[in-house]
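The values are calculated or read from the model by the stated rules, or taken from the named source; none is laboratory data. Model, not experiment: these values are computed from the prediction. Quick reminder, even Gly has a Cβ in these numbers, built from the backbone with ideal geometry, and neighbours come from all protein chains shown. The area values use the complete protein model at the heavy-atom level, side chains included, leaving out ligands, DNA and RNA. Shrake-Rupley method; radii C 1.70, N 1.55, O 1.52, S 1.80 Å.
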Amino acid sequence: MLTRRVFSPVAVARPFPIDREIDRLFSGFFADAPAWFSQRGAAAFPALNAWEDDQALHIEAELPGFAMSDIEITLNGRELTIAGARNETPAQSATFHRRERPQGRFSRTLTLNTDIDADKVGATLEQGVLRITLPKAEAARARKIEVRAA
Amino acid sequence: MTACCQTTNGQTTENAPAREARTYRPAVDVLETADNLTLVADVPGARAESIDVRVEEGILTIRAEVPQRDTGANAQWRLREYGVGAWERSFRLGDDVDSSRIDAAYRDGVLTLTLPKAEHARPRKIEVRSN
């Protein structure tokens, strides 16, 4: 499990510009390993974006193909855990030529920098994008929060 | 943390501008059965009507426009591990695919293309006569 402070100053954007290569549909059975395999093998899943406003913390993850029932969101004090699984089972007779989409279980835990009103946490999952809204506890809202540029 | 631990995009670029729209390379699975090839692409954040699938000169291209997320006026970014922009990727089709009958369906951020095999590429049962 990977623990990460949401509000550490680390906020490096990690966009991935397309290379305009053309893939072959038949990859020759992994003769050319998918690009991500070497580049990002150790990346945590799912990648997260997070932002904050006066009222709440917002955390977003891309979880395509997941249903809300596949995802478990747990808030324990200031510790937020997002866990779940994607287990697609293709027809037995199918042969994979490429298999890049992540499968299996995942779990990520974040330590938040502020108290959350746990009763009002909300989550939506639309078009494969999970968004969690964590309203700040009353006491935390009243406080002046020093904001560093990310 | 186990098998499910790769994210869905392409290469890493540090210090990219915060809200510049870019194009990203979706992760795909390609499966083959007796009659079809199936291409499954993760394109979260797109809508069915913003997805373009086309075949030109034997090249299959999928492109999905994704609007920037609405974070509200005074949002402060705290974590940016992935960028948001259009998804695009191209594949060279072999002669074995009947490109006139490709079916595309989109659900929950996943685009599924069904590419029927051309007649000559399908497995054929040969009747054996007994003399």
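Looking across the range B:87-131, just one residue is in contact with a Lys or Arg (Cβ under 8 Å, 6 or more places away or on another chain), among the basic types (K, R) and more than 16 Å from B:T38 (Cβ to Cβ), and that is B:R92. Scanning the range A:49-61 for residues that are polar (S, T, N, Q), under 25 Å from B:G85 (Cα atoms) and surrounded by 15 or more Cβ atoms within 10 Å (Cβ to Cβ) turns up at least one hit.
Would you call B:G85 facing chain A (nearest Cβ under 8 Å) and in contact with a strand residue (DSSP E or B) (Cβ under 6 Å, 6 or more places away or on another chain)? Yes, satisfied.
Condition check: within 7 Å of chain A (Cβ to nearest Cβ), touching a strand residue (DSSP E or B) at 6+ places or on another chain (Cβ under 6 Å) and among the hydroxyl-bearing types (S, T, Y). Does B:Y24 satisfy that? It is true that B:Y24 is within 7 Å of chain A (Cβ to nearest Cβ), touching a strand residue (DSSP E or B) at 6+ places or on another chain (Cβ under 6 Å) and among the hydroxyl-bearing types (S, T, Y). If the condition is being part of a strand (DSSP E or B) and under 30 Å from A:D53 (Cα atoms), then the range B:30-49 contributes only B:D42. Between A:L134, A:L80, the distinction of being part of a strand (DSSP E or B), open to solvent by less than 10 Å² (accessible area, probe 1.4 Å), out of contact with any Ser or Thr (no Cβ under 8 Å at 6 or more places or on another chain) and of a type in the set (A, V, I, L, M) belongs to A:L134 only.
Restricting attention to the range B:52-68 and to residues that are among the acidic types (D, E) and within 19 Å of B:D96 (Cα to Cα), the residue that is surrounded by the fewest Cβ atoms within 10 Å (Cβ to Cβ) turns out to be B:E57. When the range A:100-131 is filtered for residues that are open to solvent by 50 Å² or more (accessible area, probe 1.4 Å), part of a strand (DSSP E or B) and modelled with pLDDT under 95, only A:R105 remains.
Out of all the residues in the range B:87-110, which are out of contact with any helix residue (DSSP H, G or I) (no Cβ under 9 Å at 6 or more places or on another chain) and under 30 Å from A:W51 (Cα atoms)? B:W87, B:E88, B:R89, B:D108, B:G109, B:V110 - these are the residues of the range B:87-110 that are out of contact with any helix residue (DSSP H, G or I) (no Cβ under 9 Å at 6 or more places or on another chain) and under 30 Å from A:W51 (Cα atoms). No other residue among A:F37, A:F16, A:F30, A:F26 is at pLDDT below 55, in contact with a strand residue (DSSP E or B) (Cβ under 7 Å, 6 or more places away or on another chain) and either of a type outside the set (A, V, I, L, M, F, W, C) or surrounded by fewer than 21 Cβ atoms within 10 Å (Cβ to Cβ) (or both) apart from A:F26. Looking only at residues of the range B:50-82 that are among the β-branched types (V, I, T) and either at the interface with another protein chain (Cβ under 7 Å from one of its Cβ atoms) or in a loop (DSSP other than H, G, I, E, B) (or both), we find that the one that is nearest to A:L134 (Cα to Cα) is B:T71.
Looking only at the range A:132-150, filter to residues that are within 30 Å of B:W87 (Cα to Cα) and out of contact with any Leu (no Cβ under 7 Å at 6 or more places or on another chain); which one of those is modelled with the lowest pLDDT? For the range A:132-150, the residue satisfying everything is A:A150. Applying a threshold of 9 Å to beta carbon distances and a minimum spacing of six or more residues, or different chains, the list of pairs starting in the range A:57-70 at a residue that is touching a residue at least 60 places away in the same chain (Cβ under 8 Å) and part of a loop (DSSP other than H, G, I, E, B) and ending at one that is among the hydroxyl-bearing types (S, T, Y) and surrounded by 19 or more Cβ atoms within 10 Å (Cβ to Cβ) reads A:P64/B:T8.
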